[in-house]
Amino acid sequence: MVLALVLLGLSWSGYQQLQAQTMPSAVVADPAADKKFPPGIAGITIPSHGVEMDATLYLAGGEGQHGTVILLLGLPGYESNIDLAQSIRRAGWNVLIFHYRGTWGTAGSFSFSSAIEDTAAAVQFLRDPANTAKYRMDDPRRLVVVGHSMGGFLAGYEASHDPAVTAVAIISGVNLGRINGNPDEQETRLKRWETNLHPVKGSTAPELFAEAKRHTKDWDYVQWSEALRARPVLLVGAEDQNKADMDALALALRQKNAVALSHQDVSTDHSFSDHRIALQQIVIEWLGTLNKERTEGIY
C-alpha cells in the first residue's frame with residue numbers, strides 16, 4: 001500500500017482525504033439544520049401478542065417523503081448497531097429498533113418463533129395509518145428490513161413471507177435452518193450462546209438449538225431465494241461461522257437470476273468491530289440505490 005502511494009505521488013494523509021471524499025456524507029457529516037422539519041427520536045412500544053415491546057424510532061429530518069428501515073437486532077443484541085441507525089437517519093430514512101419479547105427487559109418469553117412474530121408485528125405497526133401520521137412517517141409503502149446476525153435471519157424471513165417489503169439487507173445472518181448441521185460448529189456456537197444469553201428470558205441455548213432443529217427445512221434461508229429474487233437484496237458477509245451460508249444464499253440468488261443482488265464480504269469479525277465505518281458505507285450506498293431506483297420507477 002505504502003509503495004503504491006509513493007508511486008502515485010500520494011501521501012498517506014492525501015489517501016485518507018481521498019477516502020473521505022468518496023464516503024457518503026451521511027456516514028461522516030451531520031446534515032444541515034432544518035428548523036422546520038427537524039429530525040427526532042421517540043421512545044415507543046409496539047404491541048405483539050399481548051406484550052408491549054420496547055422500541056426506539058429515529059425520525060429523519062427534512063421535508064418530503066422518508067422511507068423507513070427496521071433495523072433488527074441479533075441474539076441477544078449486544079451489538080445494537082446504533083451507529084448504523086444514525087447514519088441511516090442522516091441519509092433520510094426513519095429507523096426503528098425494538099427489543100423482541102423476552103429480551104432486554106421486554107416482557108414475555110423469547111424464542112425464535114416469537115421473534116419472527118415480533119418482526120411481523122413491527123411491520124404492521126409501521127403500516128398502521130394512525131402511526132404513520134403520528135410519527136410523520138411520510139412513505140409507509142417504502143419499508144426496508146435490515147438485520148444483523150439473528151436479525152439478518154429475521155429480515156430474510158420477513159421479506160420472503162411479505163412481498164410488500166421493499167428490500168432486504170442481511171448482515172452476517174445466521175442460518176437457523178443449518179445451525180445443527182456440523183457437530184463441531186454446533187458445539188462452538190452452543191458454548192458461545194450459553195455465555196451470552198443473560199438478557200434473554202424464557203429460553204436456554206439448548207432449547208433454542210432444539211427449536212431450530214424442528215425447523216431445519218423451513219428455516220434454511222438458502223431456500224428463500226425464489227421469494228427474494230424479485231426485490232433488491234444486500235448481503236454483507238464477515239469472517240465468521242455464517243460466511244458459508246451467506247455465500248450459499250448469494251449463489252442461490254444468482255442462480256435464480258435475482259434482479260438486484262449486491263453481495264460484499266468484509267474482512268472482519270462477526271460484529272464488524274474494526275470495520276464499522278465500512279459497514280455504514282456499504283449500507284448507506286445500497287439505500288441510495290433504492291432511492292435512485294424509486295425515482296426512476298424501477299421499484
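So that you can scan it fast, the table gives a plain yes or no per residue for (1) in contact with a Leu (Cβ under 7 Å, 6 or more places away or on another chain); (2) under 19 Å from H148 (Cα atoms); (3) charged (D, E, K, R):
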| residue | (1), (2), (3) |
| --- | --- |
| G202 | no, no, no |
| E211 | no, no, yes |
| R214 | no, no, yes |
| A250 | yes, yes, no |
| I277 | no, yes, no |
| V283 | yes, yes, no |
| T289 | no, no, no |
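Just to be sure, is F112 closer than 21 Å to I44 by Cβ and surrounded by 19 or more Cβ atoms within 10 Å (Cβ to Cβ)?
no
Can you tell me how many residues within the stretch 125-152 are at pLDDT 95 or above and either in a strand (DSSP E or B) or hydroxyl-bearing (S, T, Y) (or both)?
Qualifying residue count, the stretch 125-152: 7.
Give all pairs with beta carbons closer than 7 Å in which a residue from the stretch 35-50 that is over 21 Å from Q65 (Cβ atoms) meets a residue that is assigned to a loop (DSSP other than H, G, I, E, B); count only pairs at least 6 apart in sequence or on separate chains.
Short answer, once both residue conditions are applied: S48/R101.
Restricting the stretch 180-203 to residues that are among the β-branched types (V, I, T) and at pLDDT below 95, which is nearest to R101 (Cα to Cα)?
Among residues in the stretch 180-203 that are among the β-branched types (V, I, T) and at pLDDT below 95, the one nearest to R101 (Cα to Cα) is T195.
Looking at V174, V145, which one is farther than 24 Å from T204 by Cα and touching an Asp or Glu at 6+ places or on another chain (Cβ under 8 Å)?
Just one listed residue meets the conditions, V145.
Kindly provide the set of residues from the stretch 225-258 that are among the small types (G, A, S), part of a helix (DSSP H, G or I) and surrounded by fewer than 20 Cβ atoms within 10 Å (Cβ to Cβ), ordered by number.
Passing the criteria: A227, A244, A248, A252.
Could you tell me whether R254 is of a type outside the set (A, V, I, L, M), farther than 28 Å from S111 by Cα and without any contact (Cβ under 8 Å) to a residue 12 or more places away in the chain?
yes
Could you tell me which of the residues G61, G74, G105, G92 is without any contact (Cβ under 8 Å) to a residue 40 or more places away in the chain, assigned to a loop (DSSP other than H, G, I, E, B) and either surrounded by 17 or more Cβ atoms within 10 Å (Cβ to Cβ) or touching an Asp or Glu at 6+ places or on another chain (Cβ under 7 Å) (or both)?
Of G61, G74, G105, G92, the one residue that is without any contact (Cβ under 8 Å) to a residue 40 or more places away in the chain, assigned to a loop (DSSP other than H, G, I, E, B) and either surrounded by 17 or more Cβ atoms within 10 Å (Cβ to Cβ) or touching an Asp or Glu at 6+ places or on another chain (Cβ under 7 Å) (or both) is G61.
Is there any pair with a first residue in the stretch 275-289 that is within 16 Å of G237 (Cα to Cα) and a second that is assigned to a helix (DSSP H, G or I) and among the acidic types (D, E) whose Cβ atoms are under 9 Å apart and which are 6 or more apart or on different chains, and what are they?
From the stretch 275-289, the pairs are R276/D83; I277/D83; L279/D83; Q280/D83.
Looking at (1) in a loop (DSSP other than H, G, I, E, B); (2) within 26 Å of R178 (Cβ to Cβ), find the lone condition where A122 falls short.
With respect to (1) in a loop (DSSP other than H, G, I, E, B); (2) within 26 Å of R178 (Cβ to Cβ), A122 is out only on (1).
Please enumerate the residues belonging to the stretch 55-105 that are within 18 Å of L143 (Cα to Cα) and among the charged types (D, E, K, R).
R89, R90
For A210, only one of the following conditions fails: (1) within 30 Å of G67 (Cα to Cα); (2) aliphatic (A, V, I, L, M); (3) over 24 Å from the mean Cα position of the chain (by Cα). What is its number?
With respect to (1) within 30 Å of G67 (Cα to Cα); (2) aliphatic (A, V, I, L, M); (3) over 24 Å from the mean Cα position of the chain (by Cα), A210 is out only on (1).
From the set of residues in the stretch 259-272 that are in contact with a helix residue (DSSP H, G or I) (Cβ under 7 Å, 6 or more places away or on another chain) and either in a strand (DSSP E or B) or at negative phi (or both), which is surrounded by the fewest Cβ atoms within 10 Å (Cβ to Cβ)?
Going through the qualifying residues, I end up with Q264.
Just name the residue that is farthest from T106 (Cα to Cα) out of those in the stretch 194-208 that are in contact (Cβ under 8 Å) with a residue 40 or more places away in the chain and buried (at least 18 other Cβ atoms within 10 Å of the Cβ).
Among residues in the stretch 194-208 that are in contact (Cβ under 8 Å) with a residue 40 or more places away in the chain and buried (at least 18 other Cβ atoms within 10 Å of the Cβ), the one farthest from T106 (Cα to Cα) is L208.
The values are calculated or read from the model by the stated rules, or taken from the named source; none is laboratory data. Quick caveat, the model's predicted, so the values are computed rather than measured. No Cβ is skipped: glycine too gets one built from the backbone with ideal geometry, and neighbour counts run over all protein chains shown.
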